[in-house]
Amino acid sequence: MCGRFFVTSSPETFRETYGYAEQPNFPARHNVAPTQPVAVVTAEHGRRRFVLMRWGFLPAWVKDPDEFPLVINARIETASEKPSFRNALRYRRCVFLADGFYEWRRGGPRGQAPYAIRRADGRPMALAGLWETWSSRDGSEIDTAAIVTCGANGLLAGIHERMPAILSPEGVERWLDMRDVDAGQASAMCRPAPEEWLDLAPASRRVNDVRNDAPDLLRPDEDMPAPKPPERKTEAQGSLF
């Protein structure tokens, strides 16, 4: 799964990477959490847009959001079948602006420090997403989004069995092409990222508190021994293309 991520590249870097016309100015964020505003890239009528959305997907048919569970991830294996995601997978795909994400060792002790996962080449990490506009009874609207997940690759499988779907530059182009790339083709793109794409390193246990947001969250705590590197599991490896 993906429950926290970080955004550290400059606004100019993201704009150059994704080619949207808007010129937003936003600070680095080192502990992005569910329900918070998140920046995503969409494509409408052949034009890429920078948009702020709520991280927590609300299908259009939900009547009372307080009675609907918080949905931050969409499993690609079932997205085309789920009423919540079926239309979004076909018509409303997006890319989350991110430089990496955190993951905790599944079954580890309470309060454990997570790992920080980045691209090995230092480029922004394109996380595949789905979005939807939810309208309330009073006519107000909110754009909401979820990160698409797939099975973990060999590097991450020692921590967790799931990981976000990470797109290559060519994959971003196809993922945002709702005209020529249908839901089935888009689903096929969401496979475990090649291990060589990623770097994994211990991070601070202070990430556990969403109120913390500072550069040192990406470094291990000095008073805590670094966790053992996860054991690679070759059966989970895969390729995006």
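General observations
- When each of Val41, Val51, Val62 is tested for being among the β-branched types (Val, Ile, Thr), outside any strand (DSSP E or B) and either in contact with an Asp or Glu (Cβ under 9 Å, 6 or more places away or on another chain) or farther than 25 Å from Ser204 by Cα (or both), the lone residue that passes is Val62.
- Filter result (surrounded by 19 or more Cβ atoms within 10 Å (Cβ to Cβ), within 14 Å of Leu127 (Cβ to Cβ) and among the hydrophobic types (A, V, I, L, M, F, W, C)) within region 1-56: Cys2, Phe5, Phe6, Val7, Phe14, Val32, Val38, Ala39, Val40, Val41, Met53, Trp55
- Residues of region 73-83 that turn out to be surrounded by fewer than 19 Cβ atoms within 10 Å (Cβ to Cβ) and part of a loop (DSSP other than H, G, I, E, B), as a count: 6
- So Leu70, is it of a type outside the set (Asp, Glu), within 16 Å of the chain's Cα centre (by Cα) and surrounded by fewer than 18 Cβ atoms within 10 Å (Cβ to Cβ): yes
- Test for Ala183: is it touching a residue at least 12 places away in the same chain (Cβ under 8 Å), among the hydrophobic types (A, V, I, L, M, F, W, C), open to solvent by 10 Å² or more (accessible area, probe 1.4 Å) and more than 22 Å from Ile117 (Cα to Cα): yes
- Among residues of region 186-207 being assigned to a loop (DSSP other than H, G, I, E, B) and over 16 Å from Phe101 (Cβ atoms), the one that is least open to solvent (accessible area, probe 1.4 Å) is Pro194.
- Within the set Val181, Val210, the sole residue that is assigned to a loop (DSSP other than H, G, I, E, B), modelled with pLDDT of 95 or more and over 22 Å from Gly108 (Cα atoms) turns out to be Val181.
- Scanning region 102-111 for residues that are under 13 Å from Ser204 (Cα atoms) and either of a type in the set (Phe, Trp, Tyr) or surrounded by 14 or more Cβ atoms within 10 Å (Cβ to Cβ) (or both) yields Tyr102, Glu103, Trp104.
The values are calculated or read from the model by the stated rules, or taken from the named source; none is laboratory data. What you see is a predicted model; the values in this text were computed from it and never measured. Every residue, glycine as well, gets a Cβ built from its backbone with ideal geometry; the counts of neighbours run over all protein chains shown. All accessible areas refer to the heavy atoms of the entire protein, side chains included, with ligands and DNA or RNA removed. Shrake-Rupley method; radii C 1.70, N 1.55, O 1.52, S 1.80 Å.
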